[in-house]
Amino acid sequence: MPKIKTSKSAAKRFKKTGTGKLKRMKAYKSHILTKKSTKRKRNLRKATITDATNVKNMKKILPYI
């Protein structure tokens, strides 16, 4: 059985937590920030857990993380 290549683009964006869940940063924080409220921008700073519907595909492209 050959080794599976890790998707490097995904490896840079996701980290595994102690319980095995995938942690990611939120989107919509890079530009056009003037019209977004301070509260909204503050909440976008925080990391969040990847949704359960995407986990199966994420484990496939991140086999060793």
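The values are calculated or read from the model by the stated rules, or taken from the named source; none is laboratory data. All figures in this text were calculated on a predicted structure; none of them were measured in a lab. Every residue, glycine among them, receives a Cβ derived from its backbone with ideal geometry; neighbour counts consider all protein chains shown. Side chains included, ligands, DNA and RNA excluded: accessible areas come from the protein's heavy atoms. Shrake-Rupley method; radii C 1.70, N 1.55, O 1.52, S 1.80 Å.
Please give the per residue accessible area of the chain, computed with a probe of 1.4 Å over protein heavy atoms only, in Å². Mind showing how you got there, number by number?
On the way: 5700 Å² over 65 residues.
Accessible surface, normalised per residue, equals 88 Å².
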What percentage of the solvent-accessible surface of the chain, computed with a 1.4 Å probe over protein heavy atoms, is contributed by carbon and sulfur atoms?
56
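Please list, by residue number, every one of the trypsin sites (Lys or Arg not before Pro) in the chain that is coil in DSSP and has at most 14 other beta-carbon atoms within 10 Å. Present the calculation step by step, with values, prior to reporting the outcome.
Values: sites: LYS3, LYS5, LYS8, LYS12, ARG13, LYS15, LYS16, LYS21, LYS23, ARG24, LYS26, LYS29, LYS35, LYS36, LYS39, ARG40, LYS41, ARG42, ARG45, LYS46, LYS56, LYS59, LYS60; in loops: LYS3, LYS5, LYS21, LYS26, LYS29, LYS35, LYS36, ARG45, LYS46.
Sites meeting the loop and neighbour criteria: LYS3, LYS5, LYS21, LYS26, LYS29, LYS35, LYS36, ARG45, LYS46.
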Reachable lysines from LYS36, criterion Cα separation under 21 angstrom, eight or more residues apart if same chain
LYS26, LYS46
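Would segment 1-47 count as rounded, prolate or oblate if I go by the C-alpha gyration tensor, calling it rounded below 1.5 in a/c and otherwise prolate when a/b exceeds b/c, oblate otherwise? Before the final figure, lay out each step's value.
Details: a/c = 6.84, a/b = 2.25, b/c = 3.04.
Here segment 1-47 falls in the oblate category.
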